[in-house]
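A quick write-up on the structure given underneath.
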Amino acid sequence: MSKNVTRLFAPILRLLGRPDQARDLSRSVLLLQLENTELLSRTLDKAAMSHLLVQLSMTLGRAVRPYDPVRVLSPGLFAFVLRNRTERDAMQVAHRLHRKGQAQISIAGQTLTPVISGALVHADGGCLTGPNLARDHLPGPDLPDIETLIDNARQRLQATSDSDLGRLRLYPYDTTLAGAPLVATISDAINADQVEAWFQPQVCCHSGAITGFEALARWNHPARGILAPGVFMPQMSEADHTALTQAMLTQSLMALKEWDGAGFDVPTVSVNISNTELSERGFADCLLWELDRHEIRPDRLVIEVLESVGPVTSNADVRVNLRKLSKAGCHIDLDDFGTGYASLDAIRQFGIHRIKLDRSFVTGCDIDPGQQRMILAILALAERLGIAALGEGVETREEHAFLAQMGCDEVQGYAIARPMPLSATMDFLRRHSAAAADLPSIARRG
Ligand code: C2E
Ligand code: CA
Ligand code: CA
């Protein structure tokens, strides 16, 4: 789809720079990114999706002055160059564009409200004042070029956390970001001890007890700060994946030991495994060897495999690895359940212990009847198959309560806690066990 859409955008691509560009006093670049495009592509057909993108680009294009160029960097990613505006003025324009972008759109008989995240990067070339300063006589200030600013804004946008989804943020131009792509590979970063496992708790809906933590990778990049996997994972090679899993596994098993040592009852730790690794011969043996080396019982390790593992189970090595792990006692979670292929076959074949209901089903489940129907259907399926269900991305008490009442076994999400470094889990566990006694018990329905 992307090629077609890019072609579609070509006529609307406007690059109307002013002739006195070199004398800009300030430059700002605003990037607006349409979010949830994958989900939208699954909900809308190709034509409706293209229609949405075209509508959006036309709405945004009409909302700016002809000499504020608009570029479509990729489908759903728009760049606006705002010249000679104070930071405050640029922010005002950015807010207006952001609002316009998020206005309701009618597509194929459906009303959609696009979710758009924005990053505005402002660079000031110095402030010139005085009533007689004619613009034509001003020296050209030393401003970063447009491409550098776009790159700056793009990096900011990529590094935004999930909680900033749909928000507009202002950033000063940061020279340390300029031309500082991810210079090292994740393998180099691991060797330099820059990759750290952060942990997000999972909680039992019936008792409120902690049932485990999911390990999520974070890269402490020396120039760019803490990077989430969405920033670095798309560029990872197979070798990087192997190195990442190894690092995450080691840190997770060591974390279990630390929790045990501190007297906390943390039954399991979950590690995300890519389909590529699952298809590596001997992967299960290495993993079981690691467990043995750390003297950790296999049933304390949860392997999170993506729901799309279903179709790859035609691969013999994937089948062997999953069977070996399951037989040894490792628990297997089906991650992002509901977003991929319904892998009933995989559930049956590989002794999946738990499905993780994707956040897209959980968001707003307490108020949205459509979400509720889907959740009930998935929970009924899980119950029939005799496997547990965990709701992911639970952000509010209401969503938590709804899932508990519908019979969901466990939840994970910001409503309980965000992912945190190991050191912070100690404090969290202390606070959680102190508060556990006061927690209202949310009874399971029926
Ligand atoms: P995931 O496995 O589905 O992990 C859940 C993601 O949702 C995490 O994002 C987590 O921070 C975020 N999240 C948790 N609760 C909430 C919530 O209430 N609201 C919202 N909006 N988000 C929430 P994160 O850490 O950025 O990880 C993104 C993805 O990267 C993960 O999705 C996983 O697929 C992948 N990933 C992370 N670490 C690893 C790893 O070590 N190995 C592999 N292969 N993949 C990893
Ligand atoms: Ca996961
Ligand atoms: Ca997930």
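Listed values, structure above:
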{"quantity": "Positions within segment 215-251 being touching a Lys or Arg at 6+ places or on another chain (Cβ under 9 Å) and of a type outside the set (A, V, I, L, M), in sequence order", "calculated": "Pro229"}
{"quantity": "Where a residue in segment 379-397 is of a type in the set (Asp, Glu) and its partner, wherever it lies, is open to solvent by 30 Å² or more (accessible area, probe 1.4 Å) and more than 16 Å from ligand 2 (Cβ to nearest atom), with Cβ under 6 Å and at least six apart", "calculated": "Glu395/Ala415"}
{"quantity": "Test: residue in segment 344-358 that is within 24 Å of Ala328 (Cβ to Cβ), buried (at least 17 other Cβ atoms within 10 Å of the Cβ), β-branched (Val, Ile, Thr) and within 16 Å of ligand 1 (Cβ to nearest atom)", "calculated": "yes"}
{"quantity": "Close pairs (9 angstrom Cβ cut-off, 6 or more residues apart or separate chains): in a loop (DSSP other than H, G, I, E, B) in segment 286-302, open to solvent by 20 Å² or more (accessible area, probe 1.4 Å) anywhere", "calculated": "His294/Thr250; His294/Met254; His294/Lys257; Glu295/Lys257; Ile296/Lys257; Arg297/Gly329"}
{"quantity": "Residue in segment 194-205 that is part of a loop (DSSP other than H, G, I, E, B) and more than 16 Å from ligand 3 (Cβ to nearest atom) present", "calculated": "yes"}
{"quantity": "Residue check, Ala119 modelled with pLDDT of 90 or more and in a loop (DSSP other than H, G, I, E, B)", "calculated": "no"}
{"quantity": "Residue that is most open to solvent (accessible area, probe 1.4 Å) [pool: residues in segment 397-419 that are more than 16 Å from ligand 2 (Cβ to nearest atom) and either farther than 28 Å from Ser252 by Cβ or assigned to a strand (DSSP E or B) (or both)]", "calculated": "Arg397"}
{"quantity": "Elements of type helices (runs of 4 or more DSSP H) contained in segment 19-107, each with 1 or more residues being out of contact with any Gly (no Cβ under 6 Å at 6 or more places or on another chain) and at pLDDT below 80", "calculated": "37-43, 46-62"}
{"quantity": "Selection status of Glu410, within 16 Å of ligand 3 (Cβ to nearest atom) and modelled with pLDDT of 95 or more", "calculated": "yes"}
{"quantity": "Those residues of segment 365-395 which are within 12 Å of ligand 1 (Cβ to nearest atom) and part of a loop (DSSP other than H, G, I, E, B), in sequence order", "calculated": "Glu392, Gly393, Val394, Glu395"}
{"quantity": "Selected residue (only one of Ser326, Ser308, Ser360 is hydroxyl-bearing (Ser, Thr, Tyr), within 16 Å of ligand 2 (Cβ to nearest atom) and either over 26 Å from Thr250 (Cα atoms) or modelled with pLDDT of 90 or more (or both))", "calculated": "Ser360"}
{"quantity": "Odd one out for Glu307 among (1) of a type in the set (Asp, Glu); (2) more than 21 Å from the chain's Cα centre (by Cα); (3) farther than 17 Å from Phe199 by Cα", "calculated": "(2)"}
{"quantity": "Test: residue in segment 425-436 that is modelled with pLDDT of 95 or more and assigned to a loop (DSSP other than H, G, I, E, B)", "calculated": "no"}
{"quantity": "Positions within segment 412-426 being touching a residue at least 40 places away in the same chain (Cβ under 8 Å) and over 18 Å from the mean Cα position of the chain (by Cα), in sequence order", "calculated": "Leu422, Thr425, Met426"}
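Residues checked against (1) more than 9 Å from ligand 1 (Cβ to nearest atom); (2) crowded, with 18+ Cβ neighbours inside 10 Å:
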residue: Pro201; (1), (2): yes, yes
residue: Cys204; (1), (2): yes, no
residue: Ile226; (1), (2): yes, no
residue: Glu238; (1), (2): yes, no
residue: His241; (1), (2): no, yes
residue: Leu253; (1), (2): yes, yes
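The values are calculated or read from the model by the stated rules, or taken from the named source; none is laboratory data. Keep in mind it's a predicted model, so treat the numbers as computed, not measured. Methodologically, a virtual Cβ is constructed for each residue, glycine included, from the backbone with ideal geometry; neighbour enumeration extends over all protein chains shown. Ligands, DNA and RNA are excluded from the accessible area calculation, which covers all protein heavy atoms including side chains. Shrake-Rupley method; radii C 1.70, N 1.55, O 1.52, S 1.80 Å.
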